[in-house]
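A quick write-up on the structure given underneath.
The values are calculated or read from the model by the stated rules, or taken from the named source; none is laboratory data. Here the structure is a predicted model, which is why all the values come from computation and not from measurement. Every residue, glycine as well, gets a Cβ built from its backbone with ideal geometry; the counts of neighbours run over all protein chains shown. Surface accessibility is based on the protein's heavy atoms, side chains included, excluding ligands, DNA and RNA. Shrake-Rupley method; radii C 1.70, N 1.55, O 1.52, S 1.80 Å.
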Amino acid sequence: MPGRKQLNDVSSPPETIPIITVSARAAFRLTVAFMLAVILAFLAVEGWRTWRDYHAAFASARDSVTNLARATAQHAEDAIRQVDVLTAALGERVEGDGLQSINVPRIHNLLVQQARLMPQLHGLFIYGPDGHWIVTDKEVIPDPVNNADRDYFQYHRTHTDREVRIGEVVKSKSTDDLIIPISRRLNNPDGSFAGVLLGTIKVSYFVDYYGDFKIDDKGALVLALRSGTILVRRPFIASVVGQSLSDSAIFKRFLPVSSEGIAEVKAVVDDTERLYGYRALTTYPLVVEAGLSRESIIAPWRWDLFKTGFVLFFLISAFTVFGLIVLNQLRQRMRMEKALRVAHQSMRDMALTDSLTGLGNRRRLDSALEDEIRLATRQRSTLALIMLDVDYFKPYNDTYGHAAGDDCLSAVGAAISRAVKRPGDLAVRYGGEEFAVLLPNTDSEGAAIVAHDILEAIRSQRIEHSAHPLGHVTASAGIASGTPAERPLTPGSLINAADKMLYRAKQSGRDRYCVAAALAESSVHPGCTH
């Protein structure tokens, strides 16, 4: 319907509160049922809370492993990128000077200076095409001084790509430390193999960094090659370094689908069930895993469940004792409640309902008008009011008597109730033969449709009225609407405007409605319609 929106039932008459009389036996059953319902409610609430806390524990753990994986991945990427950038610059300089004419003391000093700036660096090395050490940041070169047997050296000798390569963990020939080799190929001007530039990162650098994270004793942090080979792991066990994770669930099932995520799996290294956050680095072929053991996640929840169970048992026991005491006083309380319900309902009926028509009364309208004006102001919506008056009602009373007049008003009220369909609309008997309909969130066009339906519903009853020119009962209506947010509006001004339109409808021949386009007298442009 144009100009009218559906509303919640905020203005409908109050429902009658049922009054129930029960015997002592029924009251006993009701109380027992109530006690059981409360106990079940206790169990349901605590069960829901327990379920919520269980999922909250895992949600928190998922956030933790995700953040751990992100932090360790960023740390690894930053550490390797620094070495990558450094070796790229050194490689370009060495290739520009030529390995045959390299100034060893000057390059040595440069390597020493760069190694001091990077805490992750174990060392910087330049090897010739035969694997012999040409220059390093170390003060002492060990014997033998050939690295041609290293995997990274053999790779660069047989592959022409110039990208940096991250190798498996090896033991340093100069210090016996476990190191991660970061290498790149050096070329002669003709593109032939000239040697290898190597930067090594201390495994202990990552072990110390991972040790600063506060995770449970069975938690794990892993840095591995994309192939699955372990480079670093917390807890650190030297024998684990170099083992492969290629058969693990993360590498077989999850990484091929997504480069980052969360997985709850059993570790292949120690068979511990953990919640892992994993992430593959975008720049380098590395994968990090951060895992919290399942036991560490659910242990606090399990302890809280035990405490909650104990408290719940105590509460249910106390409630049962209390319920048994209440049973002894139940009858008197039910009689009091019955009397209160009757009195309360009688007061509501007297205060808000018209006994003849069953509609609301003027007091109900006065209260609703103030509330709806405030609501319309907040929502910047339009409010409409229809004032109705039964035509030639005094002659009707004079002709048929007051009893018939009451029946007529009751029939008119029923017709209005049928025509007012929205739950949020309010129909009242304003006084005597005058009625009012309050239409929230409705403009004048929508109110006109409602008024037309009401007048048609009254006509359709064909109530005989010999003193009426048409021979049957009709009514006239006046409509006023306004938007409080745009123009100040009070209950009195809305009622007065609708009354003026009702008076105009009476003057225009009755059995019709007149509409005011606005509430201010200077801007009223009325129109009357049958």
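A few points about this structure:
- Annotation: extensible slack from Val342 through Leu305 equals 8.7 nm (criterion: 0.36 nm per residue apart, minus Cα-Cα distance).
- In a simple Cβ point-charge model (Lys, Arg +1; Asp, Glu -1; nothing else charged), the chain has a dipole of about 1300 debye relative to its Cα centre.
- Taking the chain, the Cys residues with no second Cys beta-carbon under 4.7 angstrom are Cys408.
- Rounded accessible area per residue of region 251-342, 1.4 Å, Å²: 63 Å²
- Charge dipole (the chain, unit charges on Cβ, about Cα centre) - positive-most of Asn188, Ala33, Ala447: Ala33
- Per-selection Kirkwood Rh - region 246-400 (Cα, Å, 1 d.p.): 25.3 Å
- Shown are Lys266, Lys338, whose ranking by accessible area with a 1.4 Å probe and every protein chain present, most to least, is Lys266, Lys338.
- Bridgeable aspartates and glutamates around Lys338 (alpha carbons under 17 Å apart, same-chain partners fewer than 8 residues away excluded): Glu15, Asp349.
- Average Cα contact separation per residue, region 262-321, under 8 Å, 6 or more apart, as relative contact order %: 21 percent
- Residue pairs exceeding 24 angstrom between C-alpha atoms, taken from Lys173/Lys202; Lys214/Lys252; Lys394/Lys506: Lys214/Lys252.
- Ignoring lysines fewer than eight residues from Lys218 along the same chain, the ones with Cα atoms less than 17 angstrom from its Cα are Lys266.
- Pair Phe193, Gln379: separation of 7 Å Cα→Cβ label points (nm): 8.2 nm
- In this structure Asp143 has an accessible area near 150 Å², from a 1.4 Å probe over the protein heavy atoms.
- In this label model, Ile298 and Val145 are separated by 6.1 nm, measuring between points 7 Å along each Cα→Cβ vector.
- Under 13 Å from Lys421, Cα to Cα: aspartates and glutamates that are on another chain or at least 8 residues apart: Asp9, Asp453
- Spin-label zone in region 252-280 - amide nitrogen under 18 Å from a point set 7 Å from the Cα of Gln74 along the C-beta vector: 260-261, 277-280
- With a Förster radius of 60 Å applied to the C-beta separation of Leu43 and Ser227, the computed FRET efficiency comes to 0.70.
- Based on C-alpha pairs under 8 angstrom that are at least 6 apart in sequence, region 156-286 has a relative contact order of 15 percent.
- Surrounding net charge for Ile298, when Lys and Arg each add one and Asp and Glu each subtract one, Cβ distance under 13 Å: -2
- Heavy atoms of Glu95: accessible area, 1.4 Å probe, square angstrom to 10: 50 Å²
- Heavy-atom accessible area, probed at 1.4 angstrom with all protein chains present, ranks Arg462, Arg418, Arg302 as Arg462, Arg418, Arg302, highest first.
- The Phe34 and Ala351 beta-carbon pair, evaluated with R₀ = 30 Å, returns a calculated FRET efficiency of approximately 0.40.
- Mean ellipticity per residue at 222 nm, deg cm²/dmol - from DSSP H runs of n ≥ 4 across the chain, formula -39500 (n - 2.57): -16000 deg cm²/dmol
- Working from label points 7 Å from Cα in the Cα-to-Cβ sense, the Asp407 to Ser317 distance is 7.1 nm.
- Taking all Cα pairs closer than 8 Å and separated by 6 or more residues, the relative contact order of the chain comes to 14 percent.
- DSSP H segments from the chain that extend 18 Å or more along their own axis, Cα-based, with Kyte-Doolittle mean of -0.5 or above: 24-97, 104-117, 294-327, 402-419, 444-460, 491-507
- Table column - 3J(HN,Hα) (Hz), region 423-437, Karplus curve with 6.51, -1.76, 1.60, x for Gly and Pro: x, x, 7, 10, 10, 9, 8, 6, x, x, 9, 9, 10, 9, 10
- Apportionment of accessible area to carbon and sulfur, region 403-530, percent (1.4 Å): 49 percent
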